[in-house]
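Contents: one structure, followed by commentary.
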Amino acid sequence: MEQVAVVTGANRGIGLEISARLADLGFTVVFTSRDEAKGLQAMNGLIKSGRKFVFFKLDVTSKTDGRKLSEFLEKEYGKVDVLFNNAAILPDENESAVTVDLSMVSKTFETNTVGAFMVAQSVIPLMKKNNYGRIINISSGLGALNTMGGGYPAYRISKASLNAITRMLADELSPFNIIVNSVDPGWVKTDMGGPNASKTTAQAVDSILWLAQLPDNGPSGKFFRNKQEAPW
Ligand SMILES: NC(=O)c1ccc[n+]([C@@H]2O[C@H](COP(=O)([O-])OP(=O)(O)OC[C@H]3O[C@@H](n4cnc5c(N)ncnc54)[C@H](OP(=O)(O)O)[C@@H]3O)[C@@H](O)[C@H]2O)c1
(Lines give C-alpha, C1' and ligand atoms only; values in the text may rest on other atoms or scores of the structure.)
Protein backbone atom coordinates (compact mmCIF):
# COMPACT_ATOMS: atom_id res chain seq x y z
CA MET A 1 0.00 0.00 0.00
CA GLU A 2 1.25 3.51 -0.75
CA GLN A 3 2.83 5.38 2.13
CA VAL A 4 1.94 9.01 2.64
CA ALA A 5 4.40 11.59 3.96
CA VAL A 6 3.80 15.25 4.81
CA VAL A 7 6.69 17.72 4.60
CA THR A 8 6.36 21.26 5.97
CA GLY A 9 8.32 24.11 4.40
CA ALA A 10 8.91 21.92 1.36
CA ASN A 11 9.44 24.71 -1.16
CA ARG A 12 13.19 25.20 -0.59
CA GLY A 13 16.26 24.04 1.27
CA ILE A 14 16.21 20.84 3.28
CA GLY A 15 12.43 20.41 2.91
CA LEU A 16 12.71 20.38 -0.88
CA GLU A 17 15.44 17.73 -0.76
CA ILE A 18 13.51 15.60 1.75
CA SER A 19 10.47 15.74 -0.55
CA ALA A 20 12.41 14.63 -3.63
CA ARG A 21 14.08 11.76 -1.78
CA LEU A 22 10.85 10.56 -0.15
CA ALA A 23 9.23 10.47 -3.60
CA ASP A 24 12.17 8.40 -4.89
CA LEU A 25 11.55 5.96 -2.05
CA GLY A 26 7.98 5.53 -3.29
CA PHE A 27 6.16 7.77 -0.81
CA THR A 28 3.26 9.91 -1.93
CA VAL A 29 4.54 13.28 -0.76
CA VAL A 30 2.12 15.88 0.51
CA PHE A 31 4.30 18.82 -0.43
CA THR A 32 3.36 21.78 1.73
CA SER A 33 4.30 25.42 1.57
CA ARG A 34 2.79 28.56 3.05
CA ASP A 35 2.93 30.28 -0.34
CA GLU A 36 0.94 28.43 -2.97
CA ALA A 37 2.66 29.97 -6.01
CA LYS A 38 6.18 29.41 -4.68
CA GLY A 39 5.26 25.94 -3.50
CA LEU A 40 3.73 24.82 -6.77
CA GLN A 41 6.69 26.14 -8.72
CA ALA A 42 9.14 24.27 -6.49
CA MET A 43 7.09 21.09 -6.56
CA ASN A 44 6.73 21.18 -10.35
CA GLY A 45 10.51 21.36 -10.59
CA LEU A 46 10.73 17.98 -8.85
CA ILE A 47 8.20 16.14 -10.97
CA LYS A 48 9.57 13.23 -12.93
CA SER A 49 8.41 9.77 -13.81
CA GLY A 50 7.57 7.62 -10.80
CA ARG A 51 7.49 10.45 -8.26
CA LYS A 52 4.14 11.27 -6.63
CA PHE A 53 3.52 14.73 -5.18
CA VAL A 54 0.38 16.47 -4.03
CA PHE A 55 0.51 20.14 -3.16
CA PHE A 56 -1.12 21.45 0.00
CA LYS A 57 -0.97 25.03 1.25
CA LEU A 58 0.14 25.02 4.87
CA ASP A 59 1.30 27.90 7.00
CA VAL A 60 2.40 26.20 10.21
CA THR A 61 1.21 29.20 12.22
CA SER A 62 -2.36 28.75 10.94
CA LYS A 63 -4.62 26.44 12.91
CA THR A 64 -7.13 26.67 10.08
CA ASP A 65 -4.52 25.30 7.66
CA GLY A 66 -3.75 22.50 10.14
CA ARG A 67 -7.42 21.55 10.40
CA LYS A 68 -7.76 21.58 6.61
CA LEU A 69 -4.66 19.39 6.28
CA SER A 70 -6.09 16.82 8.63
CA GLU A 71 -9.44 16.80 6.76
CA PHE A 72 -7.63 16.48 3.43
CA LEU A 73 -5.49 13.54 4.58
CA GLU A 74 -8.50 11.75 6.04
CA LYS A 75 -10.55 12.20 2.87
CA GLU A 76 -7.83 11.46 0.30
CA TYR A 77 -5.87 8.67 1.98
CA GLY A 78 -7.52 7.77 5.29
CA LYS A 79 -4.02 7.83 6.77
CA VAL A 80 -0.69 9.57 7.08
CA ASP A 81 2.47 7.58 7.71
CA VAL A 82 5.20 10.19 8.09
CA LEU A 83 5.45 13.83 9.14
CA PHE A 84 8.58 15.90 8.64
CA ASN A 85 8.29 19.01 10.77
CA ASN A 86 10.84 20.98 8.78
CA ALA A 87 9.51 24.55 8.41
CA ALA A 88 11.36 27.10 10.54
CA ILE A 89 12.74 30.62 10.69
CA LEU A 90 16.01 31.94 12.04
CA PRO A 91 15.62 35.72 12.34
CA ASP A 92 18.08 36.32 15.18
CA GLU A 93 21.49 35.53 13.79
CA ASN A 94 22.95 38.74 15.18
CA GLU A 95 20.98 38.92 18.41
CA SER A 96 21.98 38.51 22.03
CA ALA A 97 19.90 37.00 24.83
CA VAL A 98 20.54 40.18 26.83
CA THR A 99 18.88 42.49 24.34
CA VAL A 100 16.79 40.47 21.89
CA ASP A 101 13.36 41.94 21.18
CA LEU A 102 10.98 39.51 22.85
CA SER A 103 8.48 39.85 20.03
CA MET A 104 11.13 38.18 17.84
CA VAL A 105 11.35 35.39 20.40
CA SER A 106 7.56 34.93 20.34
CA LYS A 107 7.39 34.92 16.55
CA THR A 108 10.16 32.35 16.27
CA PHE A 109 8.53 30.20 18.93
CA GLU A 110 5.16 30.44 17.14
CA THR A 111 6.70 29.10 13.93
CA ASN A 112 9.42 26.67 14.97
CA THR A 113 7.81 25.23 18.10
CA VAL A 114 4.07 25.86 18.32
CA GLY A 115 3.83 25.46 14.53
CA ALA A 116 5.47 22.05 14.60
CA PHE A 117 3.34 21.10 17.62
CA MET A 118 0.18 22.18 15.81
CA VAL A 119 0.98 20.19 12.66
CA ALA A 120 1.81 17.13 14.78
CA GLN A 121 -1.51 17.46 16.61
CA SER A 122 -3.27 17.71 13.26
CA VAL A 123 -1.93 14.38 11.99
CA ILE A 124 -1.72 12.35 15.22
CA PRO A 125 -5.42 11.32 15.36
CA LEU A 126 -5.09 9.76 11.90
CA MET A 127 -1.81 8.08 12.84
CA LYS A 128 -3.44 6.69 15.98
CA LYS A 129 -6.37 5.38 13.99
CA ASN A 130 -3.97 3.41 11.78
CA ASN A 131 -1.67 2.42 14.62
CA TYR A 132 1.33 3.72 12.66
CA GLY A 133 3.27 6.96 12.46
CA ARG A 134 6.77 8.40 12.20
CA ILE A 135 7.22 12.03 13.21
CA ILE A 136 10.57 13.68 12.57
CA ASN A 137 11.17 17.06 14.13
CA ILE A 138 14.03 18.85 12.38
CA SER A 139 15.85 20.42 15.28
CA SER A 140 19.33 21.92 15.51
CA GLY A 141 22.58 21.67 17.41
CA LEU A 142 21.79 25.23 18.50
CA GLY A 143 18.90 23.79 20.51
CA ALA A 144 21.04 21.29 22.43
CA LEU A 145 21.20 22.20 26.13
CA ASN A 146 24.47 20.34 26.70
CA THR A 147 26.35 22.79 24.48
CA MET A 148 24.00 25.76 24.89
CA GLY A 149 25.76 29.12 24.80
CA GLY A 150 24.88 32.68 23.88
CA GLY A 151 23.61 34.01 20.56
CA TYR A 152 20.61 33.01 18.43
CA PRO A 153 18.39 33.34 21.54
CA ALA A 154 14.99 32.98 19.86
CA TYR A 155 16.08 30.13 17.61
CA ARG A 156 17.86 28.24 20.38
CA ILE A 157 14.81 28.38 22.67
CA SER A 158 12.52 27.33 19.85
CA LYS A 159 14.57 24.23 19.05
CA ALA A 160 15.24 23.24 22.68
CA SER A 161 11.47 23.37 23.19
CA LEU A 162 10.87 21.40 20.02
CA ASN A 163 13.09 18.72 21.54
CA ALA A 164 10.87 18.74 24.64
CA ILE A 165 7.85 18.18 22.40
CA THR A 166 9.66 15.22 20.84
CA ARG A 167 10.12 13.65 24.28
CA MET A 168 6.53 14.23 25.38
CA LEU A 169 4.92 12.98 22.19
CA ALA A 170 7.21 9.95 21.98
CA ASP A 171 6.17 8.94 25.48
CA GLU A 172 2.46 9.51 25.02
CA LEU A 173 2.32 7.90 21.59
CA SER A 174 4.39 4.78 22.21
CA PRO A 175 1.26 2.59 22.69
CA PHE A 176 0.14 3.53 19.18
CA ASN A 177 3.27 2.58 17.23
CA ILE A 178 3.97 6.25 16.60
CA ILE A 179 7.68 7.01 16.74
CA VAL A 180 8.82 10.58 17.33
CA ASN A 181 12.41 11.80 17.07
CA SER A 182 14.41 15.01 16.76
CA VAL A 183 17.27 15.31 14.31
CA ASP A 184 20.05 17.83 13.80
CA PRO A 185 20.83 18.03 10.07
CA GLY A 186 24.17 19.75 10.66
CA TRP A 187 25.22 23.03 9.06
CA VAL A 188 23.65 22.97 5.62
CA LYS A 189 23.99 25.14 2.49
CA THR A 190 20.50 26.67 2.27
CA ASP A 191 19.10 30.17 2.58
CA MET A 192 19.19 29.61 6.34
CA GLY A 193 22.61 27.97 6.57
CA GLY A 194 24.30 30.22 4.00
CA PRO A 195 26.86 29.36 1.30
CA ASN A 196 29.72 28.58 3.70
CA ALA A 197 27.91 25.71 5.42
CA SER A 198 29.69 22.37 5.52
CA LYS A 199 26.96 20.09 4.14
CA THR A 200 24.91 20.01 0.95
CA THR A 201 21.19 19.40 1.31
CA ALA A 202 21.76 15.93 -0.16
CA GLN A 203 24.34 15.10 2.54
CA ALA A 204 22.05 16.47 5.25
CA VAL A 205 19.09 14.45 4.05
CA ASP A 206 21.24 11.30 3.91
CA SER A 207 21.52 11.63 7.68
CA ILE A 208 17.78 12.26 8.20
CA LEU A 209 15.73 10.15 5.83
CA TRP A 210 16.18 6.81 7.58
CA LEU A 211 14.05 8.11 10.47
CA ALA A 212 11.01 7.95 8.17
CA GLN A 213 11.40 4.20 7.79
CA LEU A 214 12.16 3.04 11.31
CA PRO A 215 10.82 -0.39 12.17
CA ASP A 216 8.05 -0.73 14.75
CA ASN A 217 10.49 -1.30 17.60
CA GLY A 218 12.77 1.53 16.44
CA PRO A 219 14.14 4.24 18.74
CA SER A 220 11.70 6.97 19.83
CA GLY A 221 12.09 10.14 21.88
CA LYS A 222 15.72 10.53 20.81
CA PHE A 223 17.92 13.21 19.29
CA PHE A 224 20.04 12.18 16.30
CA ARG A 225 22.99 13.67 14.44
CA ASN A 226 24.81 11.89 11.60
CA LYS A 227 22.65 8.81 12.30
CA GLN A 228 24.01 8.56 15.86
CA GLU A 229 22.13 9.34 19.05
CA ALA A 230 23.23 12.77 20.33
CA PRO A 231 22.98 14.34 23.79
CA TRP A 232 20.10 16.77 24.33
N1 LIG B 1 20.47 25.08 7.20
C2 LIG B 1 21.05 24.74 8.33
O3 LIG B 1 22.30 24.86 8.50
C4 LIG B 1 20.25 24.14 9.45
C5 LIG B 1 20.94 23.71 10.60
C6 LIG B 1 20.22 23.13 11.64
C7 LIG B 1 18.85 22.99 11.52
N8 LIG B 1 18.20 23.41 10.39
C9 LIG B 1 16.75 23.22 10.34
O10 LIG B 1 16.41 22.55 9.14
C11 LIG B 1 15.08 22.95 8.73
C12 LIG B 1 15.11 23.44 7.30
O13 LIG B 1 16.02 24.54 7.23
P14 LIG B 1 16.56 25.13 5.86
O15 LIG B 1 18.01 25.35 6.05
O16 LIG B 1 16.08 24.32 4.72
O17 LIG B 1 15.84 26.56 5.89
P18 LIG B 1 15.33 27.52 4.73
O19 LIG B 1 16.07 27.28 3.47
O20 LIG B 1 15.32 28.89 5.32
O21 LIG B 1 13.82 27.03 4.52
C22 LIG B 1 12.88 27.20 5.52
C23 LIG B 1 11.53 26.70 5.03
O24 LIG B 1 10.58 26.91 6.09
C25 LIG B 1 9.45 27.57 5.53
N26 LIG B 1 8.69 28.31 6.51
C27 LIG B 1 9.08 29.32 7.33
N28 LIG B 1 8.04 29.77 8.05
C29 LIG B 1 6.96 29.02 7.69
C30 LIG B 1 5.59 28.98 8.08
N31 LIG B 1 5.08 29.84 8.99
N32 LIG B 1 4.78 28.05 7.52
C33 LIG B 1 5.25 27.19 6.59
N34 LIG B 1 6.53 27.19 6.15
C35 LIG B 1 7.37 28.09 6.71
C36 LIG B 1 10.03 28.46 4.44
O37 LIG B 1 9.01 28.90 3.59
P38 LIG B 1 9.11 30.32 2.78
O39 LIG B 1 9.92 30.04 1.54
O40 LIG B 1 7.69 30.64 2.49
O41 LIG B 1 9.78 31.30 3.68
C42 LIG B 1 11.02 27.48 3.82
O43 LIG B 1 10.33 26.60 2.96
C44 LIG B 1 14.65 24.01 9.74
O45 LIG B 1 13.87 23.40 10.73
C46 LIG B 1 15.95 24.50 10.31
O47 LIG B 1 15.79 25.06 11.59
C48 LIG B 1 18.87 23.98 9.37
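Report whether or not D59 is part of a loop (DSSP other than H, G, I, E, B), within 14 Å of the ligand (Cβ to nearest atom), among the acidic types (D, E) and open to solvent by 10 Å² or more (accessible area, probe 1.4 Å). Here the answer is yes, as D59 does meet what is asked.
Do the conditions hold for S182, that is, is it modelled with pLDDT of 95 or more and closer than 15 Å to I89 by Cα? The answer is no for S182. What single numbered condition from (1) crowded, with 23+ Cβ neighbours inside 10 Å; (2) near the ligand (Cβ under 10 Å from one of its atoms); (3) outside any strand (DSSP E or B) fails to hold for T190? Only one criterion in (1) crowded, with 23+ Cβ neighbours inside 10 Å; (2) near the ligand (Cβ under 10 Å from one of its atoms); (3) outside any strand (DSSP E or B) is unmet by T190, namely (1). Checking G45, G66 one by one, the residue that is in a helix (DSSP H, G or I), more than 26 Å from E229 (Cα to Cα) and within 11 Å of the ligand (Cβ to nearest atom) is G66 and no other. Residues of region 92-120 that are open to solvent by less than 70 Å² (accessible area, probe 1.4 Å) and not in a helix (DSSP H, G or I): D92, E95, S96, V100. Against the test of being touching a residue at least 60 places away in the same chain (Cβ under 8 Å), among the β-branched types (V, I, T) and out of contact with any Leu (no Cβ under 8 Å at 6 or more places or on another chain), the options I18, I47, I14 yield a single qualifying residue, I14.
Report the residue count in region 200-216 for those that are open to solvent by 10 Å² or more (accessible area, probe 1.4 Å), in contact with a helix residue (DSSP H, G or I) (Cβ under 6 Å, 6 or more places away or on another chain) and within 11 Å of the ligand (Cβ to nearest atom). Adding up the residues that qualify gives 1.
The values are calculated or read from the model by the stated rules, or taken from the named source; none is laboratory data. Treat the numbers as computed from the prediction; the structure is a model and nothing was measured. In this analysis, Cβ positions are derived from the backbone assuming ideal geometry, glycine residues included, and neighbour counts consider all displayed protein chains. To get the accessible areas, we keep the full protein, side chains included, count just its heavy atoms, and leave off ligands, DNA and RNA. Shrake-Rupley method; radii C 1.70, N 1.55, O 1.52, S 1.80 Å.
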